[in-house]
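Take a look at the structure set out below.
Quick note: the coordinates plus some simple rules give every number you see, no bench work behind them. Computed from a prediction, not measured in an experiment: that's the story for all the values here. So basically every Cβ, Gly included, is an ideal-geometry build from the backbone, and we count neighbours across all protein chains shown.
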Amino acid sequence: MDTHQIVWNEMVAKQIVQHLDKRRMEGSYAPNGAQARDEITAMIPPGAKVYRCGSMTTAGIGLWEKIAQLPGVEIIDPYQPGLSPEQAMELRRQGMIADVMIASSNAITLDGRLVNLDGTGNRVAAMCFGPKKVILVVGMNKVAPDLESAMARVKHYAAPVNVIRAGFNNPCKENGLCIDCKSPQRICNLWSIIEGHMIKGRIHVKLVGENLGY
Ligand code: SF4
């Protein structure tokens, strides 16, 4: 990040945080991943069960290694190596009643709406209801001007890149472009647009002044 990008990030993040507050969600800004990691770790209550959702952002800032060091905290991790598909699915179910869920968001609009798209829906479902606290770590590269551009970002960039990462045999793996496939491994099945929440403060968005995730 050069100086001008840092200034833009701080100015825009401040306004998004204000919009989140109006939507009964919390928001805060960290200028870098290391600070975000420490601030999020400090938000985990002692003895909490923490649900890990798929996120290159949270892995990229070393968040899970830090949380694993917290005394008494249990991480519900469907992505740990060696699990059968059935075991991984069961952990996703257990995650729905965790104390804390941590993920990213595929996009966030300038007026504080959270836009996400899932294959199986465990992540978007838990964002909406289940875990007592939801913490979403969002790099400023995921800010979109409005809902239309946010959805376009998710469908035409985040989804194909995630398909390439996962190695799924979907059409976008071949050329990076979405053709709205009906593949069995399609990861674009379930949209979520979060415009606010009745439980004030349940969702906390940690904006980060770095390019993180897709
Ligand atoms: S709908 Fe299919 S082709 Fe389009 S991004 Fe999703 S998985 Fe790829």
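Here are a few things to note about the model shown:
- Qualifying positions in the range 175-189 - free of Cβ contacts under 8 Å to residues at least 60 places away in the same chain and either in contact with a helix residue (DSSP H, G or I) (Cβ under 6 Å, 6 or more places away or on another chain) or more than 7 Å from the ligand (Cβ to nearest atom) (or both): Asn175, Gly176, Leu177, Cys178, Lys182, Pro184
- Selection within the range 62-82 - of a type in the set (A, V, I, L, M, F, W, C) and either more than 15 Å from Tyr51 (Cβ to Cβ) or under 18 Å from the mean Cα position of the chain (by Cα) (or both): Leu63, Trp64, Ile67, Ile75, Ile76
- Count of the range 128-171 residues which are among the β-branched types (Val, Ile, Thr), surrounded by fewer than 22 Cβ atoms within 10 Å (Cβ to Cβ) and more than 26 Å from Gly201 (Cβ to Cβ): 2
- Among residues of the range 58-73, those that are surrounded by 14 or more Cβ atoms within 10 Å (Cβ to Cβ), free of Cβ contacts under 8 Å to residues at least 40 places away in the same chain and farther than 23 Å from Gly121 by Cβ, counted: 4
- Taking first residues from the range 145-174 that are free of Cβ contacts under 8 Å to residues at least 40 places away in the same chain and partners that are more than 9 Å from the ligand (Cβ to nearest atom) and part of a helix (DSSP H, G or I), the Cβ contacts under 8 Å between residues at least 6 apart in sequence or on separate chains come to Cys172/Ile164; Lys173/Ile164.
- Of all the criteria given as (1) part of a helix (DSSP H, G or I); (2) within 17 Å of Ile108 (Cα to Cα); (3) small (Gly, Ala, Ser), the one not satisfied by Gly27 is (1).
- Hey, Leu91 free of Cβ contacts under 8 Å to residues at least 40 places away in the same chain and assigned to a loop (DSSP other than H, G, I, E, B) or not: no
- Verdict on Val115 being in a helix (DSSP H, G or I) and within 30 Å of Lys14 (Cβ to Cβ): no
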